[in-house]
Amino acid sequence: MFSFFKKKSINDKAIEFAVFGLGNPGIKYENTPHNAGFLAIDHIIEKEKIKSNFLKFKSLCAEATLEGKHVLLVKPQTFMNLSGQAVTSVMETCKLPPENILLIFDDIHLNPGRMRIRRNGSAGGHNGIKNIIYLSGKDAFPRIKIGIGAKPNSCTLADWVTSGFSPQTKELLDLTNEKVYHAVKLIISRRINEAMNLYN
């Protein structure tokens, strides 16, 4: 996804909700556990049959209408540890409160195939979320955590989250992303409790 993009200006005031999938840019990091957020955004784009995308907010972006709301789908291109730059840029430009920013990212504490939705909370050791909270000064972002499993003892955490998926894990993530897609629509429509009851 996002194989072709161009610079574009958007009607910033029209954006009502932004969904961020966190990850690292570049071919080196494609289809790696740390890019679970990117893969989730790609799945939404595929389901919604979105054809056009553009470069803005230090990110690859696409616009969609989900649950009657004008939504910005965002894949930051700043690398994971600087994700807050893209998030705060969208928040300030589009004048969105943290409650209207949904974050999707990987979680090593959940097994592949599992997901967890939270209304807000701390970074939980995730460097992308740490940077978002640090730069925005807020932690009230709803979020969807996608399980990638704990690292093997044979490698470091950094090597694990940027290594390739096994076929079995990739299959589980594909199934999870379909659930993420439906959860995103529930959260955008202010039905986060329903999403948590269904998918946690």
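Observations, loosely collected:
- Pair list, Cβ under 9 Å, 6 or more apart: the range 25-51 residue surrounded by fewer than 20 Cβ atoms within 10 Å (Cβ to Cβ), other residue in a helix (DSSP H, G or I) and of a type in the set (Asp, Glu): LYS47/GLU178
- In the range 107-120, the count of residues that are over 22 Å from ASP159 (Cα atoms), loosely packed, with under 15 Cβ neighbours inside 10 Å and under 16 Å from the mean Cα position of the chain (by Cα) is one or more.
- Remark: LEU157 falls outside the filter, which requires a residue to be crowded, with 19+ Cβ neighbours inside 10 Å and closer than 17 Å to PRO33 by Cβ.
- Hits in the range 127-157 - residues which are part of a loop (DSSP other than H, G, I, E, B), in contact with a strand residue (DSSP E or B) (Cβ under 6 Å, 6 or more places away or on another chain) and not aromatic (Phe, Trp, Tyr): PRO142, ILE148
- Answer residue from the range 188-200, given it is among the hydrophobic types (A, V, I, L, M, F, W, C) and touching a strand residue (DSSP E or B) at 6+ places or on another chain (Cβ under 6 Å) and is nearest to ARG118 (Cα to Cα) among those: MET196
- Any chance PRO152 is surrounded by fewer than 16 Cβ atoms within 10 Å (Cβ to Cβ) and closer than 19 Å to ASP42 by Cβ: no
- Taken over the range 1-30, residues that are in contact with a helix residue (DSSP H, G or I) (Cβ under 9 Å, 6 or more places away or on another chain), at pLDDT below 85 and either among the hydroxyl-bearing types (Ser, Thr, Tyr) or closer than 21 Å to THR169 by Cα (or both) amount to 1.
- Of all the criteria given as (1) within 22 Å of ARG191 (Cβ to Cβ); (2) crowded, with 18+ Cβ neighbours inside 10 Å; (3) of a type in the set (Gly, Ala, Ser), the one not satisfied by GLY68 is (2).
- Residue match in the range 162-169 (condition: part of a helix (DSSP H, G or I), of a type outside the set (D, E, K, R) and modelled with pLDDT of 95 or more): no
- For the range 41-82, the set of residues classified as over 12 Å from the mean Cα position of the chain (by Cα), assigned to a helix (DSSP H, G or I) and charged (D, E, K, R) consists of GLU46, LYS47, listed by residue number.
The values are calculated or read from the model by the stated rules, or taken from the named source; none is laboratory data. Small disclaimer: the values here were computed from a predicted structure and weren't measured. Cβ: placed from backbone, ideal geometry, glycine included. Neighbour counts: every protein chain shown.
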